[in-house]
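See structure below.
We did not get these values from a lab; they are worked out from the coordinates using the rules stated. This one's a predicted model, so the numbers in the text were calculated from it and none came from an experiment. We place every Cβ from the backbone using ideal geometry, glycine too, and count neighbours over all the protein chains shown.
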Amino acid sequence: MKKPLIAGLKDGPLILKNLKKRIFLRDKPLDGASEAVSLCRCGKSSSMPFCDGGHTASGYKSEAENDPVTPRTVNYKYKDITVHDTRIVCSHDGSCFRELPEVFRPREFKWVKPSESTPEKIIETVKKCPSGSLSVSYKGEELPDPARAPAVRLDSRGPLNAEGGIEFKDSSGLKPFNSEHYALCRCGKSANKPFCDGTHLPGMFSKK
């Protein structure tokens, strides 16, 4: 079986290969998916989520204007559990504070409060982080990523969320911070391209 691959073309779309039955939109298989799918990442396509060549007319640039920022991880420790937060990678999908608002408080400076819940609940919540910005250590050992099949989940309001260790090759040469799961920009405005930085919020860039 051929290995799944996501390839970012220079100033162009994302090409998904060998993922035909594992591309989901709103948790449903994506209609029209084939062995090689071309998805928009400029945010201008009139055939969302597919590319229609709109990147050419819009002058889309696939690489960030500024030099890449070196990821910096902040650790929040309480007794046996430590939550690791690498903010530059965050796509701001909000799953952490929706699931466990007593621990994850984005309006506060020191926003992770691991003392406010059980290690079990914190671990389960961190597993739902789609971008790889959150991870957790328990009793001094960083817990492994979930074991799951390769899949791509398109957030109708935001990024392409990849999971299951799908290889990513981009014209910029940049690699995901977490190779098991990561979030790719689809609005064309992220300052952290090719990765999502939550710039599409608060409004959705596309209804499809």
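Taking the DSSP bridge list for the chain and keeping only pairs wholly inside it, about 85 percent are antiparallel. When each of the peptides 128-134, 45-51 is scored by how many other beta carbons lie within 10 Å of its residues on average, the order from highest to lowest is 128-134, 45-51. Between Y138 and A57, the FRET efficiency estimated from the beta carbon spacing at R0 = 45 angstrom works out to 0.35. The largest-to-smallest principal axis extents of the Cα set in the stretch 94-156 are 33, 32, 17 Å.
If R0 is taken as 35 Å, the Cβ-Cβ distance between D31 and E167 corresponds to a FRET efficiency of 0.90.
In the chain, helical runs assigned H by DSSP with n ≥ 4 each contribute -39500 (n - 2.57); averaged across all residues and rounded to the nearest 500, the mean residue ellipticity at 222 nm is -2000 deg cm²/dmol. Normalised by residue count, the stretch 1-42 yields a Cα convex hull volume of 69 Å³ per residue.
Coordinate range of the alpha-carbon atoms in the chain per principal axis, descending: 53, 38, 30 Å.
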